[in-house]
Amino acid sequence: MNSKYLKLLIVLSGQLLTIMDIFIINVSIPSIQKDIHASNGEMQLMISSYLIGFASFLITGGRMGDVYGRKKIFIVGLIFFMLSSVGCGISTGAGPLIIARFIQGMSAALMAPQVLSMIQILFPVHEERTKAMGWYGITIGIGTIAGQFFGGYFSSLSFMQEPWRLIFLINVPICFLSVFFSIKFLNESKTPVKNAFDIWGVATLSVGLFCSTYALTMSEHQGFNLKNTALLLISACILIYFIKNQKGKIKKNRPYLIDFELFRYKNFNLGIWAVVFFFIMLDSYFYIVSLFFQDGLGISPLHAGEIIVFQGLGFILASLFSAKLVLKYGKNTLIGGIGLIAGVLIIQIFTFNSQTPFYLFYLLFFLHGAGVGSVIPSLANMALSGISATLVGNASGVYNTFQQVAAIIGIIAVGGVFYYFLGKQPSAQDYHYAFLMAIVINIVCLVFVAASIFMLPEHILPKSKMAKNP
């Protein structure tokens, strides 16, 4: 195997773990709640604590890779992910499990930026990098399917008590092998920096992001009560202070966490806009469709899971072929993928009901996944295209943070619209109307994504044609 692709396989193991553990707990919720006697609120926090830890430390993880070495931080992330997975697997109560899940999310935040950064460094040539990003997309699809499959499979085992613990312990051998191969095969890379790491910047940014992501996540069920509203206001104040503090440190040549030089790159700004609207659409869609299927159409959780698997299969297949299409057709491949998603959403509005044959669900979800798989890998490639090597870790962390926060906002905002039109005593017709209104918002988001991509150069900046200056 080409040594570059062996290294790619190693770093993608971190991405696989990150994605898989977002989804693996969902199917196991009833079993976990019963065995550890957790309340509904504790279960909600157990699910969200991973995402809160993940979103709060992504920028820090990216910067740590720049300063201390991407290989080193990737391995540290793997080790803490392994230890926190053991903590999850042996937890006997809700509190320890919530804390362990939060540490898992923090550990994933150390790994995820290094994955994108090392792909940029391993594959400096545009054509090779585009293919590598295709495999990055395939890994996301595999992680999504594997998470849901393993979550259901392990939770249903009968040869042991509390088999749900295996959904966390399965991470241990994967992490162990990834650490071993990372030490053996990965090369170290970091950005030459004169300044030390900005500890104060880490503290203020992490607290600010924690307050906002916690408040947004909790407001999904609690609403914007006094506590959540206050946390959002506190977060806004902290983040405004953080931005001013960072700009001041850059001017004085003192240690900083985010280099705002990033936002002088046109592709990066367009990529951020595109990823925000795309993930507002995507995560809200999965949230809404699960409610619509099970509560509105009466589809069982098992059959709903089978349908989602077809979405993942379409995603994986499209990620495999989209690299070649992007090299040949450039940004038109992404616009075509967005058009496919929009077309599938419109067809779903008119065809999804309690009489819809399952083959049509499978087909439409496969096509939806194909559209998503032709867009997601190239969105990251688009945002990081042309970024200076000294900024790539910073850029990866910022990109991932916007993606995660957008996903939370999408679930809350579009979910709120869905519940508003649903009413208090909904009929089947109310569910369909609420689904219609949510899909309309999703399509509007796709229009903004397409507009951002349309403003890119004709081809997504092959390296030979990159501007030397942002």
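The values are calculated or read from the model by the stated rules, or taken from the named source; none is laboratory data. Predicted model only: the values in this text are computed from it and were never measured. Neighbour counts are summed over all protein chains in view; Cβ atoms, including those assigned to glycine, are modelled from backbone coordinates with ideal geometry. Accessible surface areas use protein heavy atoms only, side chains included; no ligands, DNA or RNA. Shrake-Rupley method; radii C 1.70, N 1.55, O 1.52, S 1.80 Å.
Specify the residue that is modelled with the lowest pLDDT; the eligible residues are those in segment 209-221 that are open to solvent by 40 Å² or more (accessible area, probe 1.4 Å) and of a type outside the set (D, E, K, R). Among those that are open to solvent by 40 Å² or more (accessible area, probe 1.4 Å) and of a type outside the set (D, E, K, R), it is H221. Hey, could you check segment 244-267 for residues that are among the aliphatic types (A, V, I, L, M) and out of contact with any Lys or Arg (no Cβ under 8 Å at 6 or more places or on another chain) and say which is farthest from I199 (Cα to Cα)? Per the stated criteria, the residue is L262. Beta carbons closer than 6 Å, at least 6 apart along the sequence or on distinct chains, pair a first residue in segment 125-144 that is more than 18 Å from D283 (Cβ to Cβ) with a second that is buried (at least 24 other Cβ atoms within 10 Å of the Cβ) and of a type in the set (V, I, T) for T130/V326; A132/I119. In a residue-by-residue description of segment 177-194, the property of being open to solvent by less than 60 Å² (accessible area, probe 1.4 Å), at pLDDT below 80, within 27 Å of Y68 (Cα to Cα) and in contact with a Pro (Cβ under 6 Å, 6 or more places away or on another chain) applies to no position. What's the number of the condition F224 fails, among (1) in contact with a Leu (Cβ under 9 Å, 6 or more places away or on another chain); (2) modelled with pLDDT of 85 or more; (3) open to solvent by 70 Å² or more (accessible area, probe 1.4 Å)? (2) is the only condition that F224 fails.
Considering each residue of segment 11-22 in turn, none proves to be surrounded by fewer than 17 Cβ atoms within 10 Å (Cβ to Cβ) and out of contact with any His (no Cβ under 8 Å at 6 or more places or on another chain). Taken residue by residue, segment 155-167 has at least one member that is under 18 Å from I308 (Cβ atoms), touching a Pro at 6+ places or on another chain (Cβ under 9 Å) and at pLDDT below 90.
Is it true that I250 is closer than 30 Å to A203 by Cβ and touching a residue at least 12 places away in the same chain (Cβ under 8 Å)? First the steps, then the outcome.
On the way: closer than 30 Å to A203 by Cβ: yes; touching a residue at least 12 places away in the same chain (Cβ under 8 Å): no.
Judged against the criteria, I250 is not a match.
Sort out which residues of segment 291-310 are open to solvent by 10 Å² or more (accessible area, probe 1.4 Å), assigned to a helix (DSSP H, G or I) and either modelled with pLDDT of 80 or more or under 25 Å from T401 (Cβ atoms) (or both), and write them in order of number. Across segment 291-310, the qualifying residues are D295, G296, V309, F310. Exactly one residue out of S3, S49 is among the hydroxyl-bearing types (S, T, Y) and touching a residue at least 60 places away in the same chain (Cβ under 8 Å), and it is S3.
For segment 53-66, the criterion of a residue being surrounded by fewer than 23 Cβ atoms within 10 Å (Cβ to Cβ) and either touching a residue at least 60 places away in the same chain (Cβ under 8 Å) or among the hydroxyl-bearing types (S, T, Y) (or both) is satisfied by no position. So, A323, is that one of a type in the set (A, V, I, L, M) and touching a residue at least 40 places away in the same chain (Cβ under 8 Å) or not? Against the criterion (of a type in the set (A, V, I, L, M) and touching a residue at least 40 places away in the same chain (Cβ under 8 Å)), A323 qualifies.
Which residue is least open to solvent (accessible area, probe 1.4 Å), if the candidates are limited to segment 334-363 and must be in contact (Cβ under 8 Å) with a residue 60 or more places away in the chain and more than 30 Å from A380 (Cα to Cα)? Once the filter is applied, the top-ranked residue is F352. Which of (1) surrounded by fewer than 19 Cβ atoms within 10 Å (Cβ to Cβ); (2) assigned to a helix (DSSP H, G or I) is the odd one out, the single condition T92 does not satisfy? Failed condition: (2).
Each row is one residue, and each column tells you yes or no for (1) among the basic types (K, R); (2) surrounded by 22 or more Cβ atoms within 10 Å (Cβ to Cβ).
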residue: K72; (1), (2): yes, no
residue: S85; (1), (2): no, yes
residue: F123; (1), (2): no, no
residue: H126; (1), (2): no, no
residue: K131; (1), (2): yes, no
residue: Q161; (1), (2): no, no
